[in-house]
Amino acid sequence: MSEQQKVEAFAKEYFDQLAPYVRLASVSAKHQHIEETADWLQQKFQTLGAKQTAQWHEFGGSPMVFAEFDGQSERTVLFYNHYDVQPPEPLDEWHTDPFEPTFLPDGTVRARGISDDKGELMSRLTALQYLQDHGGLPCHVKFMVEGEEEVGSTHFEQYVDAHKAELASDLCVWEGGSVNEQEHFNVSGGVKGILAFDLKVQTADVDLHSSLGAYADNAAWRLMDALTSLRTPDRKLAVDGYYDLVAPMSDSTKQAVAKMDFDAEGFKQRAGLRTPFLRDDPKLASVNEPSLTVNGFNAGYNAPALKLLSLKSPPPSSIAA
């Protein structure tokens with residue numbers, strides 16, 4: 001049996017010891033099972049032989065779980081993960097229990113958070129146990145596992161600033177990873193950052209008949225006008241200052257990007273893309289261009305039947321972008 005086969009066999013056997021982690025419905029948006037999950041993780045790190053563990057909660061919010069392991073060199077690797085997950089709703093779209101890890105015939109596992117981010121930490125804990133059983137860790141290892149990633153990591157910066165000494169390391173590996181269609185590892189050397197917001201428009205206190213649109217402005221049109229103003233006709237972003245922090249790419253970075261795998265036609269087919277790419281070089285754009293995406297749109301009456309008049313006052317038309 002090869003080393004890879006040994007590791008895979010070990011991972012399958014070890015899965016049951018980690019399955020309780022998935023069964024904890026740690027939904028941060030509802031502050032559900034947060035403390036129980038943090039406690040489970042701290043206990044697991046202790047079982048794995050951590051020389052120290054802690055829960056940091058002096059700034060409020062969900063506890064930050066920290067663990068440190070000794071290794072055979074002075075080098076230190078810090079792993080970041082988060083133990084909170086998104087709500088499982090809508091439940092009627094699930095074919096399995098969201099919080100019961102279920103193996104499918106293709107060998108994959110279905111459960112809420114199994115790919116963001118509980119499964120990734122489970123893989124790391126499995127590797128940690130395997131190495132502990134086969135000669136020990138090659139270097140010092142630290143873990144920082146937060147419980148607010150799915151709600152914007154509200155207190156994360158405060159905890160990092162306050163615990164710089166404990167978190168000091170030579171390398172930080174972020175929450176997860178993947179392979180592409182060519183079975184090559186995706187390695188990201190940086191992130192763009194993200195900002196999410198709701199844009200709302202209200203033009204009257206009551207729902208107006210559609211015929212009044214001849215002289216009374218419509219909230220949905222105003223909303224669409226606002227969205228349209230954010231981009232130029234060639235699909236560049238028109239927001240002042242949006243490109244100010246986009247640094248020019250060095251020649252070495254461009255060469256590295258050129259060597260990246262990018263199956264443009266395969267992406268179009270898998271996504272069922274109905275429009276051309278916005279850029280001649282989508283691979284380069286994915287690395288170094290900002291984006292602004294409309295994630296949802298809601299306006300007016302949305303039921304199947306036609307509605308022209310109502311005396312009720314609905315919520316303002318809104319957009320999540």
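The values are calculated or read from the model by the stated rules, or taken from the named source; none is laboratory data. Please read all numbers here as calculations on a predicted model, not as lab measurements. Positions of Cβ are generated from backbone atoms using ideal geometry, with glycine treated the same way; all protein chains shown enter the neighbour counts. Accessible surface is based on the protein model in full, side chains and every heavy atom, while ligands, DNA and RNA are left aside. Shrake-Rupley method; radii C 1.70, N 1.55, O 1.52, S 1.80 Å.
Structural remarks
- Any hit, the stretch 256-276, residues being more than 23 Å from residue 186 (Cα to Cα), modelled with pLDDT under 90 and part of a loop (DSSP other than H, G, I, E, B): no
- In the stretch 173-216, of all residues being aromatic (Phe, Trp, Tyr) and either without any contact (Cβ under 8 Å) to a residue 40 or more places away in the chain or more than 26 Å from residue 243 (Cβ to Cβ) (or both), the one that is surrounded by the most Cβ atoms within 10 Å (Cβ to Cβ) corresponds to 185.
- Under the condition of being over 18 Å from residue 48 (Cα atoms) and in contact with a Lys or Arg (Cβ under 6 Å, 6 or more places away or on another chain), the residues counted in the stretch 71-103 number 6.
Rundown of residues vs (1) buried (at least 18 other Cβ atoms within 10 Å of the Cβ); (2) out of contact with any Asp or Glu (no Cβ under 6 Å at 6 or more places or on another chain); (3) touching a residue at least 12 places away in the same chain (Cβ under 8 Å), yes/no style:
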position: 36; (1), (2), (3): no, yes, yes
position: 49; (1), (2), (3): no, yes, yes
position: 65; (1), (2), (3): yes, yes, yes
position: 86; (1), (2), (3): no, no, yes
position: 89; (1), (2), (3): no, yes, no
position: 95; (1), (2), (3): no, yes, yes
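- Residue match in the stretch 142-153 (condition: among the β-branched types (Val, Ile, Thr), in a strand (DSSP E or B) and at pLDDT 95 or above): yes
- Pairs linking a residue in the stretch 105-131 that is open to solvent by less than 40 Å² (accessible area, probe 1.4 Å) to a residue that is basic (Lys, Arg) and part of a helix (DSSP H, G or I), with Cβ atoms under 7 Å and 6 or more positions apart or on different chains, are 125/44.
- Within this structure, residue 166 passes the test of being modelled with pLDDT of 95 or more, assigned to a helix (DSSP H, G or I) and in contact with a Lys or Arg (Cβ under 8 Å, 6 or more places away or on another chain).
- Yes/no for residue 225 being surrounded by 11 or more Cβ atoms within 10 Å (Cβ to Cβ), touching a Pro at 6+ places or on another chain (Cβ under 7 Å) and under 30 Å from residue 301 (Cβ atoms): no
- Failed criterion for residue 154 (all others in (1) touching a Phe, Trp or Tyr at 6+ places or on another chain (Cβ under 7 Å); (2) surrounded by 14 or more Cβ atoms within 10 Å (Cβ to Cβ) hold): (1)
- Residue under evaluation residue 212, criteria (1) among the aliphatic types (A, V, I, L, M); (2) under 30 Å from residue 67 (Cα atoms); (3) not in a loop (DSSP other than H, G, I, E, B), criterion not met: (2)
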